[in-house]
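Here is the structure we will look at, set down as C-alpha cells.
Taken together, the values in this text are just the output of simple stated rules run on the coordinates, not laboratory data. Everything numeric in this text was worked out from a predicted model, so none of it was measured. Every residue, glycine as well, gets a Cβ built from its backbone with ideal geometry; the counts of neighbours run over all protein chains shown.
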Amino acid sequence: MANKAGPGQKRLETRVEASKRWVVGLREPLRGFLRVLRANHLTMVGFVLVVIISMTALVVAIVPAMTQLVIGHPVLVTPYDPNGLSTDYGQAPSGSHLLGTDNLGRDMFSRVLAALPLDLAIGFGITAFALLVGGGLGLVAGYWDRPRTFGGVVSVSILRIADIFLAFPPLVLALAIAASLGRGTGPAILAVLVTWWPYYVRLTRGEVLAIKHQPFVVAARAAGVSEVRILFRHVIRNLIEPLLVYYTMDIGTVLVTFSTISFVGIGAPLDVPEWGTMVESYARFLQSLPWTVLSAGGAIFLTVLAFSLFGDGLRDILDPRSRRALVQVTLSSTLAPKAAVAAEA
Amino acid sequence: MNGMPEPVLDVQGLSIDYEVGAGTFHALSDVSVQLSPGRVVGIVGETGSGKSTLAHAIPRLLREPPARIRSGRIFFQGVNVLELPKWKLPLLRGTGIGMIFQEPINSLNPAYRVFDQVAEAVTIRKLRESGVAPTLFPSAEPHDYSRGTRVKTGEAILHAVVPRVPNWLPSARREALMKDVLDYLRLVRINDPETILDLYPHELSGGMRQRIMIAIALSGKPSLLIADEPTSALDITIQAQVLTLMKELMDEVRTSILFISHDLGVIAEMADDVGVLYAGHLVELGPVDEVYTNPRHPYTKLLMRAIPNRYKRAGPLPALTGSVPSLANVPPGCPFHPRCPLAQKICGSDPGPVLEAATGASVRTHLAACYFSDEVASLP
Amino acid sequence: MITPIVEADHLVKRFPLARSLAALISREPQEFVHAVDDVSLEIYPGETLGLIGESGSGKTTLGWLLAKLHEPTAGQIRFEGRDITDLSGRDLLKWRRNLQVVFQDPVGSLDPRLRVWQLVGEPILAQEKVRREDLKSRVAELLQIVDLPAGVLNQYPHEFSGGGRQRLSLARALSVRPKVLILDEPTSALDVAVQAQVLNRLVALQRELGLSYLLITHNVAAVRYVADRVAVMYLGRIVEIGAVDEVLERPIHPYTKALLAALPKADPRRRRARFRIGGEVPTLVHPPPGCRFAPRCPFVIDRCIAEDPPLRPIPGRPGRAAACHRAEEIGDVPPEQLLSSPENPASPMTTSAG
C-alpha cells in the first residue's frame, strides 16, 4: 500500500488519499442516514420541511442584501412588497394572492415569508446561545462536582442559581423580563435567552453525570488516558447527541415563546415583520378575514412541527447503534441484539 | 399406554419469527415439547437459542408485532392458547400459568411494598375462585359460600382500580389477606416474614427478591410454572439456596415446571426431562439422566465437553469451533451442520428427524434431531 | 526468592455511607462500608492468581485498588518492588502501561461512539504519539492475537456479539504490552461455548507473552482452568489461599467448602441434595469482633464469635493459608458434607455440636 516515492510525491499522494478517504468516510454515514429516513416517515417529513424552511429563509434574507450590493437596489424574493399597501384589501386566497391579503391590502404570503428569517434566526440563535452557555455551565457542574473541592462549590452554586430561574414558568418569566426591559426585539431576545439557559444546565449536568460513571470512562482512565482527553474524547462526544436532539426540539418552543412575547405587545415592534405581532394584529379579523390570522399562526405551527418531527428522529440518526443495527427485540436480556455479527474465530 | 394423564402443556410444532426492519429472526422453528402434571422439563440453550422466546410465547407474553407466530399450537390443559381472544389472555396467567423471571428487581414493581405485591396476586386468585372474576378454568367443585372466602363485588371493583391496600385503611380485607401473604412468604422459607412486609424491593437482597417472586407465582396456585433463568442473576450460595427451595417446593406443591436455563448443572439438578435448544431448533429431548450420560446429538455432546472442568495443565479446553449463528441467518437443514464434526451432505438440506412426542405420553423416549445420533457416542 | 510483580500490603478501602441531613446535624459519626479490610497478597511474574468470591466480597474493589483506580484508605501497593501507592499525575499515566484491566461489562466498557481502531488503539495514543496509519496497523495485529478478523477496524462495538466485545476489550488491554492483566469477570457475560474459546486464548497468551494475570470472578470452573493459585474472599478479607488444585479439591475454610458445595453439577444424582447454608452476604458496615463468616458457619464455636481468626499458614499443608480457628480439625471435611441428601441426612449443624 505504501509507495516509497520522494517526499514531495508522498505528500501529494497523501493529500489525494486523504480527500478520497473523506468522501468515502462520508458515504457510509450518509447511507445510514438515508436508511433511517426511509424507515421513519415522520422524520423524513420533518427533515424535508426543515430543509425547505431553512433554504427559504436563507434566500429571503440574503438575496435582497446581495442584490443591494451588486445591483444597487434590493430585489425582493417575495411576490409582493410585504409592506406594500394596495387596494386589494380583504381578498381571500386566490391565484394571485396565495394566502390572500390583509385589511390594508398587503399580500399575506409575502408578509409571512418576510418574517421567516427573523423568526427562524430567533429560534436557531437563542436556542444555540442557551445551549452553549447553559451547556458549558452544566458540563462544569456535572464534571467537577466532587464535594468539598473548589469545583464542587462552583458546581453547587451554578445549580442553585439555575434552580432559581427554573422555579418560574418559562413563559411567565420571559414576559416579566421583557416587560421590565422595555419594548423591542432586542430586549425580547434577551428575555428569552435569560429564561432559557438554566434548562440546558440541568440537562447537560444530568447527561454528564450519567456518562461520567459509564464503564468505558473508567476503562479509558485505566488505559492511561489523561483526564482532559477523556473529557473531550468520551464525555463531550457522547454529550452531543442528547443535546442536539433537545436543541432541535427546543427551537420550536423558543420560537413560540418569542412570538408570544411579541403577541402580547412587548416584543418586536409593529413595523418589523414577525409572526407573533402579525397574529396579534390580525386577531380581531378572525371572523372576517380568517386567512390572515391563520397564515401567521399556521407558519408558526408548521415550523415548530417540522423541527419537532425532525428532532424526534434525530436520535435514531445520530446513534451509531441504530444506524446499523435496526434490531431492538424487546425481550429479556438473554436475547442480545444481533445484526451484522462480526465473525468470531 | 392409556391411563396417562393429559399433559399440562403440549406445544406442537411452534415456529415464531421476529420481523424487524433489518430482517426476520427465526426465533423458534418447529418446536414441540410436552409437560405432564407434576414433572419438571428443563430447556437448556445458549444465548440466541430462542429459549426466552419459548418461555414468553406460552403465556402469550410476546408482543405480536414484531413477533409473529408462524405456525404451531400451544395447548394448556387442553385449551389452545394461540386461539384465545385477547381479552381472555389475562385469565390464563397467574392462576393457570405462573412465571418467574430472571432479574427480580425488574419484575417486582419498585413502587409497591412486599405486602401489596403478594396480596395482589392472592386477591386475584381469590376473586377467580369465588366466581366474582372470570376464569378460564372454573373450579369443578361447587363454590362453598360458607367458607368465608367470598369477596364482595364492590371490593372486587375497588381492587381492580386500587391495587394497593393503604396502611391506614382499617380494612378487614387487609387482615384477611395478611394470613395468606404470611403463609406464602413462609412457604418460600422467609423467616419472620412480618419484618419484610413493609419493605420495597430495592431494600431487599437479590435472593430475597427472588423468593418473593416465587411466592407471588405460587400464590396463584398455577398448574404450570415457567421459570426463565430464575437463578442466573444470583450469587452462587444464594442460587443454591433458591434451587434447594424450589426442590422442596416441588415435593410439596406438585406444580409442573418448565425450567429454562443456560446452565447445564442447574438443569441437571432440577429437571426430570430436558430439551436442548439450538438456534431455535429443539435438537434433543429426553430424560435428564439419559441425555446427560449418553447424549445423542453432536451439539449436546460438544457443549458438555466444552464446559471447563479441568486444569490448564491437562491441555486446552475442547472448545466448539465457530459461533452460534444469528437467528436471522440460521443455516439451512440442520442448524448445527456448519460446526458439526459428523456433518454430511444431507445435513445441509434436511433438518433431521422431527422430535414429535406422541400426544398423551410423557417424555420417556430419548430423541435427537440428527441422522447420525448413533455415532455421537464415539466422538472423543 | 522471586520478587512478586504485584504486592499488596495490608490494603484497606472504606467507602463513606451517604448520610441524611438529620444525621449530619446530630453529629453522628460517619459510617463506612468496609469493602476491603486488611488484605495482603502477592502475584508472581508469569502466574495467574485467581480471586473468587461472591458479591460483597470486595474482590472487584481489590482489583481496582491494584489497578490504581481507587485510592486505598490504608496500606501499600508495590509493583516490581517499587512502592506505587502514592503514584499520581504524569507518573501514574506513564506507569499505567504496565498494568491493564479487562472490565466486566463488555457492553459498557466500550464507548459506543468510537470505532474499533479508535477503541483498541486508545491506550497506545495515551502513551505515545502515533500516526493514524501506524495505529491502524498495530490494531490489526492486536486483533489477530485475539482471533478477530482484521477487517473489522472500522466497525462499532455494538456490531459484535458478547464474545467479540470481550476480545476487543482484551485487545485494548494488550495494546500497550502490559506486564500484568487484571481480568474482572471476563466470562460472566459469555456463553459456555464462547467461554471455552476465550479461556483457551487467555492461557495461550499468558504463555506467549509472559503475562501475569489477576483473574477476578465467581466462575469457579474458569479459575480452575486458568489459575495457578487462588484466593477466596469473603466480606473484604481473604479467607483462604493456596494452589488451585489444593484449594478446590481440599478446601479448608468453611466458606470455601460452602461455595464449592453450592456449585451446580451436571450430575443428576444431585437432584436429591439440599444446600443448607442459610443467610445472605451482608454489607460490612460494622465489622464484628469475631469471624465474619460465623453467623452462617456450620462449624462455628464460641471462640469464632469472640475472636477474629487471622489468615495463617496451616501446618501440614505447605503453601496454604486459611483464616479459621478450627482449620486443623475440620480442614479435611469434604464440601459434600455440607449438603444434606438421602445419603447424608444429618446437616453439619448437628454433627459439629462438639
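Descriptive notes on the structure:
- Taking amide H atoms as placed 1.01 Å from N in the peptide plane, the amide H of residue C:31 lies under 5 Å from those of C:17, each 5 or more residues away in sequence or on another chain.
- Relative contact order %, chain C, counting alpha carbon pairs below 8 Å whose residues are six or more apart: 19
- Between region C:120-188 and region B:196-236, the Cα center-to-center distance that results, in Å: 40
- Close amide H contacts of residue B:225 (hydrogens built in the peptide plane, cut-off under 5 Å, sequence separation of 5 or more or a different chain): B:98, B:256, B:257, B:258.
- Backbone phi angles across region A:189-198, fed through the Karplus curve with coefficients 6.51, -1.76 and 1.60 (θ = phi - 60°), yield HN-Hα couplings of 4, 4, 4, 5, 4, 4, 6, 8, 4, x Hz in residue order; Gly and Pro are listed as x.
- Dipole magnitude (debye, nearest 20) for the protein assembly as shown, charges at Cβ of Lys, Arg, Asp, Glu: 1560
- Backbone amide hydrogens, once placed in the peptide plane, bring residue C:44 within less than 5 Å of C:5, excluding anything fewer than 5 places away on its chain.
- Computed about the Cα centre, the dipole magnitude for region B:221-351 is approximately 740 debye when only Lys and Arg (+1) and Asp and Glu (-1) carry charge, each at its Cβ.
- Selection from B:309, A:230, B:239 lying farthest towards where the dipole of the protein assembly as shown points positive, charges on Cβ: A:230
- Across region C:240-254, computed HN-Hα scalar couplings (Karplus, 6.51 cos²θ - 1.76 cosθ + 1.60, θ = phi - 60°) run 7, 8, x, 5, 4, 5, 4, 5, 7, 9, 10, x, 9, 6, x Hz from first to last residue, x flagging Gly and Pro.
- Computed over chain B, relative contact order equals 25 percent, with contacts defined as Cα pairs under 8 Å that lie 6+ residues apart.
- Think of the protein assembly as shown as a dipole: +1 on every Lys or Arg Cβ, -1 on every Asp or Glu Cβ, centred on the Cα centre; then among A:55, C:176, A:73, A:73 lies furthest on the positive end.
- Sorted ascending by nearby beta carbons within 10 Å, beginning with the fewest, B:71, C:340, A:295 become B:71, C:340, A:295.
- Under the convention that each Lys and Arg Cβ holds +1 and each Asp and Glu Cβ holds -1, the size of the dipole of region C:20-163 around its Cα centre is about 700 debye.
- Inter-chain Cβ neighbour count for C:87-100, averaged per residue, equals 2 (cutoff 10 Å, partner chain atoms only).
- Comparing C:63, C:164, C:278 in a Gaussian network model of chain C where C-alpha atoms under 10 Å apart are linked, the largest mean-square fluctuation is found at C:278.
- Greater than 22 Å apart at Cα, pairs in B:221/B:247; B:126/B:247; B:51/B:312; C:68/C:257; B:126/B:179: B:126/B:247; B:51/B:312; C:68/C:257
- Most fluctuating residue given options C:277, C:52, C:77, as computed from a GNM of chain C linking Cα atoms under 10 Å: C:277
- Residue C:10 sits among other residues whose Cβ lies under 14 Å from its own Cβ, and their net charge, with Lys and Arg +1 and Asp and Glu -1, is -2.
- For region A:254-268, Karplus couplings with θ = phi - 60° (6.51, -1.76, 1.60), whole Hz, Gly/Pro x: 4, 4, 4, 4, 4, 4, 5, 4, 5, 4, 5, x, 9, x, 5
- Most mobile listed residue (C:127, C:166, C:100) in chain C, GNM with C-alpha springs under 10 Å: C:127
- Listed residue (C:322, C:279, C:268) projecting farthest to the positive dipole end of region C:267-354, Cβ model: C:268
- The GluC sites (Glu not before Pro) of region C:96-176 meeting both criteria, a DSSP state outside H, G, I, E and B (loop) and at most 13 other C-beta atoms within 10 angstrom of the site's C-beta, are C:128.
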